[in-house]
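Down below is the structure, laid out as structure tokens.
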Amino acid sequence: MYREVVPISGTVSETSGDWYHTFAVYGTAMDITIEVQNFYTNSTPVTLILATEDGETSEDNFFNQTAQPAAHVFQIDNAIQLVLAIRYAGNASTFSGWAIYHGWDFFYPMMPPRLPVFEIISLFFSGSFFLSIGLYRYRVQRRAHPSADFAKALILCTLGFLFFGLCLPSFVRPHAYLYHDTPQFTDFGEFTNILTLAQPSTNITLLGLHEGMVELRGFFVTAASVTVHLYSLDGPMNYTWNFVNSQYPGYRTLHCEITGDSVIEVLRESADTEFHCWVLASHRNVEVHQHPAGNYAPLAISFLVSGTSLLAGGLVYTRRFFEESSKELSTMRG
């Protein structure tokens, strides 16, 4: 799931042009939602437009009619490119707010891998060639030196390698893996205030959180820099960012890992200033899932022990066969 928060601000008028592009996204996603939150104007309406490659959707006469901010939500099925724009609606208007984008990413199915015909044919003929030579040499050697030890060694070694092959699928695969659930987001909304000498700090408490991530999206100040302090209520987590000074229209994202309920505190540094940011928390549950290969672990261990024993027995008979062959060769030379 994608989640992005971007501050939007500007002025539209007859002289500044009809369009003011504020937010553009490139990518492939589905079930897209664009939220315009905490939107303020100077009591003059604007036209809010969401344009995609398939057309556009607009909200006319959009402004905060009371002291409370205005909000609007666009929903579309899917898009490769979209632009959120504010258009001049007859009167000069200064506006500010936040654009929140979230949607599900989807991937096109991957093409099947190319069949390595040349490599398969080469390996097939090479294996057949060496197998033919091996069988021929075995037949010649069996006629020249008939030995029960050689037959026993061949059988035991073959069975040993067979059991090794049966135990490998369980040993080479993990018996458990981490499963990451869909991320869950919690919007705490806009966090803003004016820091003065009389009120040098302000804070917001984030309750109901689990282990995850907290992000201060689009953090910007209007004048001097500030200090951002984030700490947990019941744990050792403590983060501090000094000299946070991101002049609008530039913006920053401050993020850190959390272990539970937390407090965000913003402190004045050298001069009075106003700050704005959007507080967003995310949590992604991680579970341990068992792999089917782990169910065969006891059987794989028995295969491994059996294969080792059979292979050891085959090597003993192989040694006896070579000793008998050496004695026969020495007798023939004598």
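What to note about this one:
- Unique match (being of a type in the set (Val, Ile, Thr), modelled with pLDDT of 75 or more and surrounded by 12 or more Cβ atoms within 10 Å (Cβ to Cβ)) among Val25, Val46: Val46
- Hits in segment 58-98 - residues which are loosely packed, with under 12 Cβ neighbours inside 10 Å and either among the hydrophobic types (A, V, I, L, M, F, W, C) or at pLDDT 85 or above (or both): Asp60, Asn61, Ala67, Val73
- So Thr227, is it surrounded by fewer than 15 Cβ atoms within 10 Å (Cβ to Cβ) and either outside the structural domain of Thr273 (by TED's automatic domain parsing) or not basic (Lys, Arg) (or both): no
- Qualifying residue in segment 138-147 (condition: surrounded by 12 or more Cβ atoms within 10 Å (Cβ to Cβ) and touching a helix residue (DSSP H, G or I) at 6+ places or on another chain (Cβ under 6 Å)): yes
- Only a single criterion out of (1) more than 25 Å from His210 (Cα to Cα); (2) modelled with pLDDT of 90 or more is not satisfied by His291, namely (2).
- Number of the exception - Thr253 against (1) loosely packed, with under 15 Cβ neighbours inside 10 Å; (2) modelled with pLDDT under 85; (3) within 24 Å of the chain's Cα centre (by Cα): (1)
- The criterion of at least 2 residues that are of a type in the set (D, E, K, R) and out of contact with any His (no Cβ under 7 Å at 6 or more places or on another chain) is met, among strands (runs of 3 or more DSSP E) falling completely within segment 242-322, by 252-258.
- Thr308 fulfils the conditions (1) exposed (fewer than 12 other Cβ atoms within 10 Å of the Cβ); (2) polar (S, T, N, Q); (3) modelled with pLDDT of 85 or more except for a single criterion, (1).
The values are calculated or read from the model by the stated rules, or taken from the named source; none is laboratory data. Please read these numbers as outputs of a predicted model, since none were measured by experiment. All Cβ positions, even for glycine, are placed from backbone atoms using ideal geometry, and neighbour counts span all protein chains on display.
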